[in-house]
Amino acid sequence: MTQARLMDGTALARRIVEDTARKAAELTGRTGSAPCLATVLVGEDPASVTYVRMKQNRCRKAGIASRHIALPAATTTGELVGTLRELSADPAVHGILLQHPVGDHVDERAAFEAIAPEKDVDGVTFASFASMSFGLPGFVSCTPGGILRLLDEYGVGLAGKRAVVVGRSAILGKPVGMLLLARDATVTYCHSRTADLSAAVGEADLVVAAVGRARLIRGQDIKPGAVVIDAGYNPGNVGDVDFDSAARRASLITPVPGGVGPMTIATLLEQTVEAAARQLGA
Ligand code: NAP
């Protein structure tokens, strides 16, 4: 048995962030305005607080200004929509990130739709999903966009390949499948109602695990030589794929951590600078 080659998301993300920082500095120098990402957090869920802080830190290091809006857990849909509309109309803000989940009492979709598409650098609006699906200009959902970059970096050909995406969430499973379809892969979506997950995964030349269940996909499910992308991130830094057994069957595999995770933030930063460049007319 051979051991799969690792797809190093940390290294690729570092290069993307360095390139983004150069573009941010150049844009700031040319226009006098630094790109600015507004982060909006409802409540104080510890994981969400950590994610937002991490995104702000990365922004700072890349020369992107950030503005943080912390709203109380009891914020209503109307109040959140109002805040997002204000940010959408504020010319000093170029990108908006609503950290989710936002809490069960809030209509998350209504909140996302209050983000102007030209500032939707996290790729969460209907408009962004449609543009992405039709291959039109716009911002991609960050984790799926990062996954495609990683596949390209490692020269993974997609046309005609059988891709199985496990998970169909609006921010991850569905959009990654659409991006793979746009690249001429033959895409199958699996989800909690899929009758025989092992059989479906076993057909795949490319498996994208986007479930949120630790080690759900096992090595014995993987077709020898397949490419395995593990977007899962479960307690204890564990992915959705049983790494050790899968690495003995796959040709390429992402580690957790250090695979997909860093690519998400890199894509967010890159899209923020792109949004700023368009809005500043530079
Ligand atoms: P989600 O909204 O909870 O969606 C999970 C998906 O998995 C659903 O479509 C669900 O099916 C499916 N599923 C659940 N149990 C299953 C099973 N036993 N067999 C097959 N499918 C099953 O989760 P998400 O937001 O997409 O996140 C998925 C994972 O990715 C999580 O671990 C999350 O932490 C991670 N993630 C990582 C990043 C990153 O930057 N690395 C970003 C986002 C998410 P149904 O639709 O039928 O319910």
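Just so it is clear, none of the values below were taken in a lab; they were calculated from the coordinates. Please read all numbers here as calculations on a predicted model, not as lab measurements. Quick reminder, even Gly has a Cβ in these numbers, built from the backbone with ideal geometry, and neighbours come from all protein chains shown.
ARG53 to ARG218: extension gain in nm, 0.36 nm per residue of separation minus the Cα-Cα distance? All intermediate terms of the calculation are to be shown ahead of the outcome.
Numbers: separation 165, 0.36 × 165 = 59.40 nm, distance 3.34 nm.
Net length gain for the segment: 56.1 nm.
What the pair-distance distribution of region 142-257 shows, using all Cα-Cα distances binned every 5 Å from zero, is 2, 13, 25, 28, 22, 8, 1, 0 percent. The value obtained for region 32-119, namely the Cα convex hull volume divided by the number of residues, is 78 Å³ per residue. Could you give the angle, 0 to 90 degrees to the nearest 10, between helix 9-31's Cα long axis and the longest principal axis of the Cα atoms of the chain? On a 0 to 90 degree scale, this one is about 20. Ordering THR254, THR31 by the number of other Cβ atoms within 10 Å of each residue's own Cβ, fewest first, gives THR31, THR254.
Angle check, please: helix 46-61 long axis (alpha carbons) against the longest principal axis of the chain (alpha carbons), in degrees 0 to 90, nearest 10. Value to nearest ten degrees: 70. Strictly greater than 19 Å: what percent of every Cα pair in region 1-69 meets that? Distances greater than 19 Å cover 49 percent of the Cα pairs.
Highest-first packing order for the peptide set 174-182, 147-155 is 174-182, 147-155, based on the mean count of other beta carbon atoms within 10 Å. Only Lys, Arg, Asp and Glu carry charge here, each on its Cβ (+1 for the first two, -1 for the last two); on that basis region 142-257 has a dipole of about 180 debye about its Cα centre. Its relative contact order, with pairs defined as Cα atoms under 8 Å and 6+ residues apart, puts the chain at 23 percent. Pairs of Lys residues in the chain that lie 8 or more places apart, or on two chains, and have C-alpha atoms under 26 angstrom apart add up to 10. With the gyration tensor restricted to C-alpha atoms of region 125-207, the semi-axes of the equivalent ellipsoid amount to 21, 16, 10 Å, longest first. For the chain, what D do you get in µm² per second when you plug the Kirkwood radius from alpha-carbon pairs into Stokes-Einstein at 10 °C and 1.306 mPa s? Roughly 82 µm²/s, to the nearest whole number. Here the scattering of region 199-260 is modelled by Debye summation over its C-alpha atoms, one equal scatterer each and no solvent; at q = 0.27 Å⁻¹ the log10 of I(q)/I(0) is -1.12.
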